[in-house]
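One structure is given below, encoded as structure tokens.
The values are calculated or read from the model by the stated rules, or taken from the named source; none is laboratory data. As the structure is a computational prediction, the values presented were derived from the model and not from experiment. Glycine also receives a Cβ, built like all others from the backbone with ideal geometry; neighbour counts cover every protein chain displayed.
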Amino acid sequence: MSPLRKPIIVGNWKLNKTIKEAINLVTQLKRLLADMDVVDMVVCPPFTAISDLSEVLMESNIRLGAQDLYWEEKGAFTGEVSGSLLKEAGAEFVVIGHSERRQFFHETNETVNKKTKAALRNGLCPITCVGELLAERESGKTFQVIENQLKGSFAGFSPAEMKQVIVAYEPVWAIGTGKVASPAQAQEAHAFIRRKLAETFGQETANGLRIQYGGSVKADNIADLMREADIDGALVGGASLDAQSFADIVRNAALVAVK
Ligand code: PEP
């Protein structure tokens, strides 16, 4: 991480937690992390819990995000949720193009582009995900895949728009597998992402951009990742479902941040 960028740790709860369980979890997080101010903290519950959590988290240092959105504002789009509805419910962030969305719900760089634009239009901070599959890494295509994802996901963006985006680098082979990328592997990908975005949007934009790592982040590996120059935080799945483990991740990230 660099002192230019405030670290951000985001919990992606995926399809987990009833409203009651979600309230219980953030109530514990509020207590465990009440004094934390050097790391930004966000939780992304299922849609159904956002509104209730926004009341529990009012005036707290923990902020709320959603896990997806649709790019249209309203209309005949059964099952979809727009950026303005998320905003109204209390979300400030939204994860876009997570590999599970790409894999199971056929999201493409084009839909990720539309969703990222829709998030910005509605004043939500997009956390836009990129990352290669294991077969792509093994066949030496990692950087080509990431470059294509960046080009497609941010096509037509201005530097001013890009400045409002958070990018999450999530190698798909590391998500939910317990196989974390080594700090050197993650740094190599993050530096590549920053360099590519600098080519398109300028060095100043790229220098300010927060790039999170995601993939089996735990309390015992976050510090080594955060010591890398271009790693500005983490998108955490499994380990964000338990209050103590999420709080430990935040605290270990903070130890690196205040050095
Ligand atoms: C994720 O869902 O974005 C993720 C990185 O999951 P996990 O931490 O469980 O690997």
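Restricting A34, A66, A76, A49 to residues that are surrounded by 16 or more Cβ atoms within 10 Å (Cβ to Cβ) and out of contact with any Lys or Arg (no Cβ under 8 Å at 6 or more places or on another chain) narrows the list to A66.
Among G152, G178, G140, which is part of a helix (DSSP H, G or I), among the small types (G, A, S) and over 30 Å from D52 (Cβ atoms)? So that I can check it myself, show each step before the final result.
Numbers: G178 fails: part of a helix (DSSP H, G or I); G140 fails: part of a helix (DSSP H, G or I).
Criteria check complete, one pass: G152.
The number of residues in segment 142-172 that are closer than 18 Å to N113 by Cβ, away from the ligand (no atom under 14 Å from the Cβ) and not charged (D, E, K, R) comes to 17. Would you please name the residue that is surrounded by the most Cβ atoms within 10 Å (Cβ to Cβ), looking only at residues in segment 167-181 that are at pLDDT 95 or above and out of contact with any Phe, Trp or Tyr (no Cβ under 8 Å at 6 or more places or on another chain)? In this case the residue turns out to be P171. When segment 94-124 is filtered for residues that are outside any helix (DSSP H, G or I), surrounded by fewer than 23 Cβ atoms within 10 Å (Cβ to Cβ) and either among the acidic types (D, E) or within 16 Å of the ligand (Cβ to nearest atom) (or both), the ones remaining, listed by number, are F105, E107.
Taken over segment 206-221, the criterion of being within 16 Å of the ligand (Cβ to nearest atom) and either touching a residue at least 60 places away in the same chain (Cβ under 8 Å) or in a loop (DSSP other than H, G, I, E, B) (or both) is satisfied by R210, Q212, G214, G215, S216, V217, K218, A219, D220, N221. Taken over segment 222-259, the criterion of being over 16 Å from C129 (Cβ atoms), in a loop (DSSP other than H, G, I, E, B) and within 15 Å of the ligand (Cβ to nearest atom) is satisfied by L241, D242. Considering only segment 173-188, I want to know if a residue exists there that is within 16 Å of the ligand (Cβ to nearest atom), among the hydroxyl-bearing types (S, T, Y) and under 15 Å from the mean Cα position of the chain (by Cα). So far as segment 173-188 goes, no, none of its residues is within 16 Å of the ligand (Cβ to nearest atom), among the hydroxyl-bearing types (S, T, Y) and under 15 Å from the mean Cα position of the chain (by Cα).
Let me confirm something: among F93, F105, which residue is among the aromatic types (F, W, Y) and under 23 Å from V26 (Cβ atoms)? From the options F93, F105, the qualifying one is F93.
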